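Here's the structure we're looking at; comments come further down.
What follows is calculated from the coordinates using simple rules that are stated; it is not laboratory data. Quick caveat: nothing in here was measured; it's all calculated off a predicted structure. Cβ coordinates were reconstructed from backbone atoms using ideal geometry, including for glycine residues, and neighbour counts include every protein chain displayed.
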Ligand code: PEP
């Protein structure tokens, strides 16, 4: 037990990214098992990002639970001839609060570049949703000593020139690409260094008040066994892929993370 939880003013956000997993029936079964496990959790906000096809059902099942609905991606136009795409108003209508933007799988597999991520992020804000902006370096970039340069480039492209009010609402997920789905977790020191760097960069551009409001999550092979130690001073929650598919494991992560912080 951590007798001295990490004090902060920001409420940690523990978000599940189910990626391309779970049919509607499987999503229902997950929530049946998961909701009773986290009923008494306080001190951390929970969000679930199912595939688009399960958003409506999951949204209905989350109603009145205090758990937020999130989408895994979005397109930046509100409507139009964009076959296969989903717009911010469509996500709002279903009750989404958060939208993951710029996940490394989108950047790598679907060739999303910084400019596209920026357009999506702005569209999310414009429609009253909150982006979870994913940033992170590859192993090659890390080995070349370019971690901070990459984080700065991705963050700058996404938020420079936006209002401090919007930026204060933002959730940034620091997700080292080499730690996603690999079982290889960053050390708490690495997670803290990345989160601290991102926050100080926001402080430089938008001021201390905004930097204090921004929540910076860590993502990359988070599990119940390491969730608590990863909630360091500048880490305000986690974005969880693989372990969020299992109700027991995800509930374990939520509880461990919530126990690691005290909100003032
Ligand atoms: C993710 O995809 O955002 C992620 C962190 O995945 P995993 O937890 O499986 O590493």
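Things worth noting here:
- Three-way shape label, segment 40-146, alpha-carbon gyration tensor, a/c 1.5: oblate
- Prolate/oblate/rounded call for the chain, Cα gyration tensor, a/c under 1.5 rounded: rounded
- Between residue 21 and residue 262, full extension at 0.36 nm per residue minus the direct alpha carbon distance yields a gain of 83.5 nm.
- Protection-proxy order for peptides 62-73, 94-105, 23-34, each taking the mean of Cβ atoms within 10 Å per residue, highest first: 94-105, 62-73, 23-34
- Shape category assigned to segment 154-264 from the gyration tensor of Cα positions, a/c cut at 1.5: prolate
- Relative contact order (%) - criterion: Cα under 8 Å, at least six apart; region: the chain: 26
- Distance in nm between pseudo-label sites at residue 162 and residue 35 (7 Å out along the Cβ direction from Cα): 3.2
- Computed lengthening from residue 189 to residue 212, 0.36 nm per intervening residue step minus Cα-Cα distance: 6.3 nm
- Segment residue 152-residue 114, extension gain: residue separation times 0.36 nm, minus the distance between their alpha carbons: 12.5 nm
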